[in-house]
Every structure is written in structure tokens, then in C-alpha cells.
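Q: Take this structure, written in C-alpha cells, and hold onto it; I'll ask about it next.
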Amino acid sequence: MGEQGFRGLYSIVAFGTLGPLIFEFAHHKHAGTMLWYLRGDPAVRWLAWLMMLAALIFFAGGFITPNPGTIGAPPTEQARGLLKITRHPSFVGFILFGAAHLLMNGWIGDVLFFGAFCVLGVAGGIHQDRRKLREIGEPYRRFAEHTSFFPGAALVSGRQSWTRADTPWTAVGVGAALTIAILIFHPALFGGRPLG
């Protein structure tokens, strides 16, 4: 079906399964035994919101910043913007989204649902690296050597250096706007307080 056909079909299947799953969960949340309860701690709630803001910035950046790991992207060894922080911004966004909601939702049904986002993020990044190494080989291997999956590891280790030009202002703006929208509409869409 070709690359574009595959991307279109993949998107339809992804949204066609994820949407109903989220809708169904929203009507059956907080099921099962409570494993932890951190909602009463303001510091934990603020941490969860900061994680959500970061998640949405990474997720937006994953669409905005050209990434050699995505389907159909041209091979490159140079990282810029968010790719200097992580070569898998969208998957890191999924992980942070799941982790932020795990802090606020300690019921076993919630843990299974939101924990799946963390598993998807880790497994997706690993799968994408392996697939790209098979497809484009050495250029992607060098790109992977100079970047990191774990956010900030390439910067801390000196494999990358951050400049003012790397600041992803568009992704920050989109992420902040989405965070505000979620604060406003979360109770109407999913009930309760945001992240809960």
C-alpha cells in the first residue's frame, strides 16, 4: 500500500482503538482495589501538572520537529531542538502522561490503564530504534549514539549541547495551550478534577 497508505491506515486504526478505549475507561475509572492515594498532597498534584505540561510539549514537539525516527523521514545524523533532549519526544510524552496520571489514580484499574501508556512509550521507542537501524543502518546508528531515549541524558553526558536556537517555542506554546484547555474541559469530558 506504500508509505503514505500505511501511515493513513495506521492513524485510522490508532485513533479508532484509542478513542473508544479512553471513552470506556472514563465511564469505569477508579475500579478495583486502591493501591495508593496521593490526591491530598498539593506538591504531588503540582508535580503531576508539571509532568502533564512537559508531556504535551514533548508530544507537540514530536509532530513539529523533523525526526529521522519517524516513518518516511530522511536519514540524518544531526539532532536539533527537542531531539537533543530525547530522540523520541512523542513516546516520552506518552510516558509522562501515563506517569502523571498514575500519581493521581492509585486504583488498580487506573494503574493498568495509565501504566499501559508508559509501557507503550518505552516499547514504542525501542521498536522504532530497531526498525530504523534495519531500514537506514549506519546513519541512524550514529544519530542514536549522539542522542538519548531518556530525556536529558545526551545533554548531561556531553553528546549534545543546547543552544538558544534549540528552544522549541512552538511546542512550548502548543503544550501550554493544551494544558490550559485540559484544565478547563477535563471535568466535563472525564468527570472529577483534572488528573483525577
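The values are calculated or read from the model by the stated rules, or taken from the named source; none is laboratory data. Remember, predicted model here, so these are calculated numbers, not experimental data. Cβ atoms come from the backbone with ideal geometry, glycine included; neighbour counts cover every protein chain shown.
Q: Please tell me if G98 is touching a Cys at 6+ places or on another chain (Cβ under 7 Å) and not basic (K, R).
A: Details: touching a Cys at 6+ places or on another chain (Cβ under 7 Å): yes; not basic (K, R): yes.
Yes: the conditions hold for G98.
Q: Residue check: is R87 modelled with pLDDT of 80 or more and either in contact with a Leu (Cβ under 7 Å, 6 or more places away or on another chain) or under 30 Å from G137 (Cβ atoms) (or both)?
A: Values: modelled with pLDDT of 80 or more: yes; either in contact with a Leu (Cβ under 7 Å, 6 or more places away or on another chain) or under 30 Å from G137 (Cβ atoms) (or both): yes.
When the stated conditions are applied, R87 passes them.
Q: Being more than 12 Å from L82 (Cβ to Cβ), hydroxyl-bearing (S, T, Y) and at pLDDT 90 or above is the filter here, so list the residues in region 155-196 that pass it.
A: Correct list: S157, T179.
Q: What's the number of the condition L83 fails, among (1) surrounded by fewer than 17 Cβ atoms within 10 Å (Cβ to Cβ); (2) closer than 26 Å to A144 by Cα?
A: (1)
Q: Looking only at helices (runs of 4 or more DSSP H) that lie completely in region 49-156, which have at least 3 residues being more than 26 Å from A181 (Cα to Cα), free of Cβ contacts under 8 Å to residues at least 12 places away in the same chain and not aromatic (F, W, Y)?
A: Details: elements: 89-104, 108-136, 138-145, 153-156.
The helices (runs of 4 or more DSSP H) meeting that bar are 108-136.
Q: Next question, about the same structure. Inspect region 128-146 for any residue being closer than 18 Å to A55 by Cα and surrounded by fewer than 15 Cβ atoms within 10 Å (Cβ to Cβ) and give the result as yes or no.
A: Residues of region 128-146 that are closer than 18 Å to A55 by Cα, as a first pass: none.
No, that holds for no residue.
Q: With the condition kept exactly as written, say whether any residue in region 68-79 is buried (at least 20 other Cβ atoms within 10 Å of the Cβ) and either at pLDDT 90 or above or of a type in the set (D, E, K, R) (or both). It would help to see each step written out before you state the result.
A: Start the filter on region 68-79 by keeping residues that are buried (at least 20 other Cβ atoms within 10 Å of the Cβ), which leaves 68-69, 79.
If we keep only those that are either at pLDDT 90 or above or of a type in the set (D, E, K, R) (or both) too, we end up with none.
No, every residue in region 68-79 fails to be buried (at least 20 other Cβ atoms within 10 Å of the Cβ) and either at pLDDT 90 or above or of a type in the set (D, E, K, R) (or both).
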